[in-house]
Amino acid sequence: QVQLVESGGGLVQAGGSLRLSCAASAASERTFVSYAMGWFRQAPGKEREFVAIISRSGGSTDYLDSVNGRFTISRDNAKNTLYLQMASLKADDTGVYYCAATYTYSPDRTPRRFDYWGQGTQVTVSS
């Protein structure tokens with residue numbers, strides 16, 4: 001298992017930027033690199049949706065179309081940390097952001113395919 005803790009959320013104006021972090025707690029580097037990692041978000045009244053995913057090595061990434069070009073997912077395996085750099089933020093980006101881990105990098109981006117989840121961090125974009 002891997003324990004995940006998100007941080008970095010907050011209030012930001014439209015057009016601004018924010019960086020989210022997801023730390024693997026009490027996990028070895030070897031354990032962390034065993035997982036592909038993803039970011040999801042959930043807005044009020046909506047279902048949780050896929051935002052981005054990154055492979056174990058960091059060599060492959062994929063994004064939700066509406067964030068592609070604005071968000072960048074990355075990982076630092078030496079620090080057991082996942083990041084989501086968000087730029088040009090819009091009001092529609094508002095929601096609780098969750099990091100998640102899966103042992104399998106696959107085209108299935110649904111939440112049910114991810115085994116481990118953090119508690120989430122709130123991102124609010126004002127306009």
Exactly one of Ile54, Ile73 is in contact with a Lys or Arg (Cβ under 9 Å, 6 or more places away or on another chain), open to solvent by less than 60 Å² (accessible area, probe 1.4 Å) and without any contact (Cβ under 8 Å) to a residue 40 or more places away in the chain, and that residue is Ile54
Which condition number in (1) outside any strand (DSSP E or B); (2) surrounded by 13 or more Cβ atoms within 10 Å (Cβ to Cβ); (3) not hydroxyl-bearing (Ser, Thr, Tyr) is the one that Met37 fails?
(1)
Of residues in the stretch 76-127 being without any contact (Cβ under 8 Å) to a residue 24 or more places away in the chain and in contact with a Ser or Thr (Cβ under 8 Å, 6 or more places away or on another chain), the one surrounded by the most Cβ atoms within 10 Å (Cβ to Cβ)
Arg113
Can you name every residue in the stretch 51-83 that is assigned to a strand (DSSP E or B) and of a type outside the set (S, T, N, Q)?
Val51, Ala52, Ile53, Ile54, Asp62, Tyr63, Phe71, Ile73, Arg75, Asp76, Leu82, Tyr83
When you check Thr31 against the structure, is it open to solvent by 20 Å² or more (accessible area, probe 1.4 Å), among the β-branched types (Val, Ile, Thr) and not in a helix (DSSP H, G or I), yes or no?
no
Right, Thr61: open to solvent by 10 Å² or more (accessible area, probe 1.4 Å) and in contact (Cβ under 8 Å) with a residue 24 or more places away in the chain or not?
no
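The values are calculated or read from the model by the stated rules, or taken from the named source; none is laboratory data. The shown structure was predicted, so the numbers you read here are calculated from the model rather than taken from an experiment. Virtual Cβ from ideal backbone geometry, glycine too; neighbours counted across all protein chains shown. All accessible areas refer to the heavy atoms of the entire protein, side chains included, with ligands and DNA or RNA removed. Shrake-Rupley method; radii C 1.70, N 1.55, O 1.52, S 1.80 Å.
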